[in-house]
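Single-structure report; data block below.
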Amino acid sequence: MRATIMYRAGDVRVENVPDAAIVHPTDALVRVTRACICGSDLWPYKDLPPTENGRRMGHEAIGVVEAVGAGVRKVKKGDFVVMPFAFSDGDCAFCHEGLQTSCVHGGFFGFSEGVGGAQAEAIRIPLADGTLFVLPVREDGALVASLLTLSDVMGTGHHAAVTARVGRGKKVAVVGDGAVGLCGVIAAKRLGAEQIILLGRHPDRIALAKEFGATDIVSGRGDEAVEHVRKLTGGFGVHSVLESVGTEPAMLTAVNITRPGGAIGRVGVPHYPGIPAWEPTFYKNITISGGPAPVRTYIAGLLPDILEGRIQAGRVFDRVIGIDEVPDGYRAMAKREAIKVMVKP
Ligand SMILES: [Zn+2]
């Protein structure tokens with residue numbers, strides 16, 4: 001089968017690899033019908049040191065179950081499923097608490113030893129009963145793009161909003177205009193935010209954010225952005241910040257635009273040594289929360305809004321490519337020529 005392998009920063013190849021197969025009785029084999037490239041894939045694309053065997057890439061997919069191991073009970077051949085970016089047993093203390101990204105037997109696709117990537121024709125799913133969510137629709141329907149976002153970006157944007165304590169009447173800022181930030185706008189609106197300020201500067205993304213419910217746009221950087229947000233919020237800043245970037249300047253901006261007593265939901269993978277501006281976070285009683293989103297928990301709640309068309313997260317995909325064009329997809333996303341690239345293997 002064809003699969004995506006990254007050998008070093010900037011070196012992504014699609015190669016023939018041994019077919020994915022059931023290894024453990026709790027595995028399922030899924031034929032990938034749609035996968036995609038994530039903003040977080042751009043971090044190794046920028047800084048992965050040379051590796052001899054490369055890293056299998058991709059952690060977002062929907063697909064059809066081709067086979068299950070002897071120990072799988074809930075998922076069956078022919079099911080159309082979402083694969084959350086983390087696998088989980090569904091049965092440990094953390095899974096029961098709805099935090100599958102801390103599952104004691106779990107891990108992350110495209111990172112964990114012996115687990116493949118989703119930018120491929122097929123993938124082995126460990127702990128299939130706990131991991132996979134069976135969809136109640138056909139694999140070829142009009143909703144595939146939005147269903148694919150349940151694998152990561154919509155659930156992650158929602159997690160940012162939940163951990164930033166977005167609620168009815170709140171003033172919200174979203175730092176970052178990538179697919180997760182845009183899904184954060186959807187999530188904030190869905191949870192009843194009164195004002196949603198997007199911090200971003202790409203015209204195509206800003207236009208989409210406005211359609212998703214952003215009420216204000218702040219395109220400056222650093223102190224200029226902080227001043228602008230304060231001006232838009234009566235001088236105090238916002239109740240909730242959804243931080244979807246993961247850099248130190250983005251986190252610093254997030255702290256400085258949070259009003260006293262507010263909260264920051266971090267979902268951008270942090271690439272900084274410590275939380276900046278710790279003193280203001282203390283004196284302003286700011287809650288800093290967030291982390292890898294337990295998207296498996298959120299699928300059931302978000303799905304009805306997708307099935308009934310109330311949210312259209314699939315609009316973040318602005319390019320569709322075949323499996324052999326995946327290296328071009330990485331280039332397009334790295335150059336910000338595409339918001340998010342869908343792969344149709
Ligand atoms: Zn678990």
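Only the coordinates and a few stated rules stand behind these numbers; no lab work does. These figures come from a predicted structure and were not determined experimentally. Using ideal geometry, Cβ is built from the backbone for each residue, glycine included, and neighbour counts are taken over all protein chains shown.
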Go ahead and estimate [θ] at 222 nm for the chain from helices alone: -39,500 (n - 2.57) per DSSP H run with n ≥ 4, summed, over the residue count, rounded to 500.
-8000 deg cm²/dmol
Which GluC sites (Glu not before Pro) from region 51-122 combine a DSSP loop assignment with at most 15 other Cβ atoms within 10 Å?
GLU52, GLU97, GLU113
Any lysines with Cα under 27 Å of the LYS210 Cα? List them, leaving off those in the same chain fewer than 8 positions away.
LYS170, LYS171, LYS189, LYS231, LYS335, LYS340
Which order results if MET342, MET1 are arranged by neighbouring Cβ count within 10 Å, fewest first?
MET1, MET342
Scoring only Lys, Arg, Asp and Glu (+1, +1, -1, -1) among other residues with Cβ under 13 Å from the Cβ of ILE299 yields -2
GNM of the chain, Cα pairs under 10 angstrom: of GLY130, GLY184, GLY234, the biggest fluctuation goes to GLY234
Chymotrypsin sites (Phe, Trp or Tyr not before Pro) within region 282-331: which are DSSP loop residues with at most 15 other Cβ atoms inside 10 Å?
none
Using the Cα gyration tensor of region 168-272, with a ≥ b ≥ c the square roots of its eigenvalues, what is the shape: rounded (a/c below 1.5), prolate (a/b larger than b/c) or oblate (neither)?
rounded
Taking springs between alpha-carbon atoms closer than 10 angstrom, which of MET333, MET83, MET154 fluctuates most in the Gaussian network model of the chain?
MET333
Counting only DSSP loop positions in region 185-232, the GluC sites (Glu not before Pro) whose Cβ has at most 16 other Cβ atoms within 10 Å are GLU194
Could you tell me how far the Cα centroid of region 287-345 sits from the Cα centroid of region 188-205, in Å?
17
